[in-house]
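K.L.:
Structure below; questions to follow.
The values are calculated or read from the model by the stated rules, or taken from the named source; none is laboratory data. Predicted model, so just to flag it, every value in this text is computed and none were measured. When we count neighbours, we look across all protein chains shown, and the Cβ atoms used for this are built from the backbone with ideal geometry, even at glycine.
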Amino acid sequence: MYAAGVNGRTLLDESTSHEKVPRLKVLQGKSMDADVHQAVRELATQIEQPNIQVTLAFFSDEYEPEELGRALKMYLPGPVIGCTTAGQLSETGFQRGGISGASLAGDELSVVPYLIRPLSASGKAIDRIAEDVRKRLAGTSRDAFGFLLVDGLSMKEEVLISGLYMSLVDIPIIGGSAGDSLKFKQTFIYHDGELLNNAAVFTLFLTSLPFRVFKHQHFHPTSTRLVVTDADPARRLVKEINGEPAVEAYARLIGIAVPDLNSLVFSRYPLMLHIGDEYYVRSISRAEPDGSLKFFCAIDAGLVLTIGQGHSAVDAIDNHLNKIIEDMGEPAVIIGCDCILRRLEMEERGIDDKVGRLLARQKVVGFSTYGEQYNSVHVNQTFTGIAIAG
């Protein structure tokens, strides 16, 4: 390790002197233990390290909320940000159940979480957040990005993300809507020892490290277009398409019988909306008995949509992540929010293991969501993420 130097001084040998000290150290872990305290302790042991700036934790809705809140507060170093999920993205790929997460350590990163609750009063909370963020940015030369976790059954994502993005000028934001393993009963956001619904946590990241905020989808618009002729945006319901009951019109356009419509079909045939120069996915949650379609995001009457057609999910995500690496170098971590409908489609196609391994190789930590946020827009069937170099 050491060699004698001039006048008895010791010098590091050549191999040691060229070792690169990581600017951001990330440790990932997971547990499938059904006992909540044992599971969180197991995760804590795997990700323990000095100088932790933030801990990410994504967990099954099967854990009892009060006990889980206590365990997260007791065993994980803070600040801790996390939520219930429809599945996790862990160090081994796609994960169902249990808990997974990561610790991020280093002097070039700091975070500030802000609780937003209730979501019906998010406007006042956003004003307070924006004022505090402006003060923090005035006192630092670091760059900033935001990470949003929101109750996935609140139906408040559109108002929340657009309000945050407009108030926090020039700060890129990505996020995800919490899940509950497709039960659609209740989803929770973690904050300071409690599991909360009707809530969101916006976390400001301040860093001198290179980073990239991105969105990815593997669908292209087709020539099959439709017009929403009747809708209830507040309830995310489309009642009519092209003047017909929405369920019947959609089924006819994709060539599927109405009784055969299900989550897998919806994942393969999403609708797409053209905004500016880009297409954004608008995914269907379920068909309602009254012939309307329930969406994962707000849809208004008069919108012109197109049926989306998928292309190779494996090649698409691989190429996208490799392009990020070319632009900024190897990431120390990618924090990812991946729509549950993407995962369902991959499972149906039998490529979920391959995609999961690919994401694990690229150091992705995150969860399967009920919706994703990208800057000012709430989207579906999309992978949004932040790649941080280190």
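K.L.:
Looking only at the range 282-302, count how many residues are out of contact with any Cys (no Cβ under 8 Å at 6 or more places or on another chain) and outside any loop (DSSP other than H, G, I, E, B).
P.N.:
Looking only at that region, the number is 7.
K.L.:
Quick one: which residue in 93, 82 is surrounded by fewer than 23 Cβ atoms within 10 Å (Cβ to Cβ), farther than 20 Å from residue 166 by Cβ and touching a residue at least 60 places away in the same chain (Cβ under 8 Å)?
P.N.:
Sole residue among the options that is surrounded by fewer than 23 Cβ atoms within 10 Å (Cβ to Cβ), farther than 20 Å from residue 166 by Cβ and touching a residue at least 60 places away in the same chain (Cβ under 8 Å): 93.
K.L.:
Report yes if residue 171 is at pLDDT 95 or above, among the hydrophobic types (A, V, I, L, M, F, W, C) and not in a loop (DSSP other than H, G, I, E, B), otherwise no.
P.N.:
No: the conditions fail for residue 171.
K.L.:
Under the condition of being within 18 Å of residue 370 (Cα to Cα) and among the hydrophobic types (A, V, I, L, M, F, W, C), which residue from the range 79-118 is farthest from the chain's Cα centre (by Cα)?
P.N.:
99
K.L.:
Still on this structure: Go through the range 207-248 and report how many residues are buried (at least 20 other Cβ atoms within 10 Å of the Cβ), more than 27 Å from residue 154 (Cβ to Cβ) and over 18 Å from the mean Cα position of the chain (by Cα).
P.N.:
Residues in the range 207-248 being buried (at least 20 other Cβ atoms within 10 Å of the Cβ), more than 27 Å from residue 154 (Cβ to Cβ) and over 18 Å from the mean Cα position of the chain (by Cα): 1 in total.
K.L.:
Could I ask something else about it? Contact list please: Cβ distance under 6 Å, first residue in the range 242-264 and closer than 18 Å to residue 306 by Cβ and without any contact (Cβ under 8 Å) to a residue 40 or more places away in the chain, second residue in a helix (DSSP H, G or I) and among the β-branched types (Val, Ile, Thr), pairs at least six apart or on different chains.
P.N.:
Listed by first residue and then by second, the contacts come to 251/258; 256/265.
K.L.:
For the range 106-135, which positions are in contact with a strand residue (DSSP E or B) (Cβ under 7 Å, 6 or more places away or on another chain) and either among the aromatic types (Phe, Trp, Tyr) or part of a helix (DSSP H, G or I) (or both)?
P.N.:
Those that are in contact with a strand residue (DSSP E or B) (Cβ under 7 Å, 6 or more places away or on another chain) and either among the aromatic types (Phe, Trp, Tyr) or part of a helix (DSSP H, G or I) (or both): 114, 119, 122, 125, 129, 133.
K.L.:
Which pairs do you get when a residue that is on the phi > 0 side of the Ramachandran plot and surrounded by fewer than 24 Cβ atoms within 10 Å (Cβ to Cβ), found in the range 155-180, comes within reach of a residue that is among the polar types (S, T, N, Q) and modelled with pLDDT of 95 or more, reach meaning Cβ atoms under 6 angstrom, with the pair 6+ apart or on two chains?
P.N.:
Qualifying pairs under 6 Å: none.
K.L.:
(1) among the hydrophobic types (A, V, I, L, M, F, W, C); (2) in contact with a helix residue (DSSP H, G or I) (Cβ under 9 Å, 6 or more places away or on another chain); (3) farther than 25 Å from residue 334 by Cβ: which one isn't true of residue 138, the others all being true?
P.N.:
For residue 138, the exception is condition (2).
K.L.:
Here's a follow-up. Looking only at residues in the range 294-303 that are at pLDDT 90 or above and either within 22 Å of residue 218 (Cβ to Cβ) or charged (D, E, K, R) (or both), which one is nearest to the chain's Cα centre (by Cα)?
P.N.:
Of everything passing the filter in the range 294-303, 295 is nearest to the chain's Cα centre (by Cα).
K.L.:
For the range 187-237, name all the residues that are over 27 Å from residue 336 (Cα atoms) and among the β-branched types (Val, Ile, Thr).
P.N.:
Scanning the range 187-237 gives 222, 224, 227, 228, 229.
K.L.:
Quickly run through the range 176-195 and pick out the residues that are modelled with pLDDT of 95 or more, in contact with a Lys or Arg (Cβ under 9 Å, 6 or more places away or on another chain) and hydrophobic (A, V, I, L, M, F, W, C).
P.N.:
Matches in the range 176-195: 189 only.
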